[in-house]
Amino acid sequence: MKVEHGHNGHGSSVLVIEDDPDMRGLLVLMLEDRGHQVLAACDGREGLDIAERSKPDLILLDMKMPVMDGWEFARRYREEERDPSPIVVMTAAEDPRTRAEEIGAAGWLGKPVELDVLYDTVKQVARPAR
């Protein structure tokens, strides 16, 4: 089966950091369906571990999570990673742009996430698959 989406016939690697299991599962399914390699974490601490090992092309980051929230994840990730991947904030906050600016994110997605917006954002923001 040939996948038409993504770079050079295969999608980018995307790390989804989201504490809501239903939302996390839906994002994983939708992105895998578009040919992306998807990793998932339930909080920022797990996300840091996965990002360090896998070097994803893009990180989709929920802001309000237990254990380690999005703000703390972004700060620690950028301190520890020499070549950080772009981060896209996912938030139900009234002004998602402000949340994105707070952590220097490359973009934002409002919740509930619209699939067309998700796909466009991943295509535009993810660095080319390595």
Toward the positive end of the charge dipole of region 13-125, about the Cα centre and with charges on Cβ (Lys, Arg +1; Asp, Glu -1), which of GLY44, ALA105, LEU27 goes farthest? ALA105
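Among the trypsin sites (Lys or Arg not before Pro) within region 64-117, which fall in a DSSP loop and have no more than 16 other Cβ atoms within 10 Å of their own Cβ?
Details: sites: LYS64, ARG75, ARG76, ARG78, ARG82, ARG97, ARG99; in loops: LYS64, ARG82.
Here the sparse-neighbourhood loop sites are LYS64, ARG82.
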What do you get for the angle between helix 44-54 and the principal long axis of the chain? Use alpha-carbon atoms, 0 to 90 degrees, nearest ten. 40
Span per principal axis, largest first, for the Cα atoms of the chain (Å): 40, 32, 24
What do you get for the angle between helix 70-80 and the principal long axis of the chain? Use alpha-carbon atoms, 0 to 90 degrees, nearest ten. 80
Report, in degrees rounded to the nearest 10, the 0 to 90 angle that the Cα long axis of helix 115-125 makes with the longest principal axis of the chain. 90
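Can you compute the helix-only [θ] at 222 nm over the chain? Use -39500 (n - 2.57) per DSSP H run of at least 4 residues, normalise by all residues, nearest 500 deg cm²/dmol. Working shown, then result.
Details: 5 runs with 54 residues, N = 130.
The helix-only estimate for the chain comes to -12500 deg cm²/dmol at 222 nm.
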Please give me, ordered by residue number, the GluC sites (Glu not before Pro) of region 44-111 that lie in loop per DSSP and have at most 13 other Cβ atoms within 10 Å. GLU81, GLU94
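Each reported figure results from applying straightforward, stated rules to the coordinates on display, with no laboratory input. On a predicted model such as this, the values are computed, not experimentally measured, just so you know. Note that we place each Cβ from the backbone using ideal geometry, even for glycine, and neighbour counts take in every protein chain shown.
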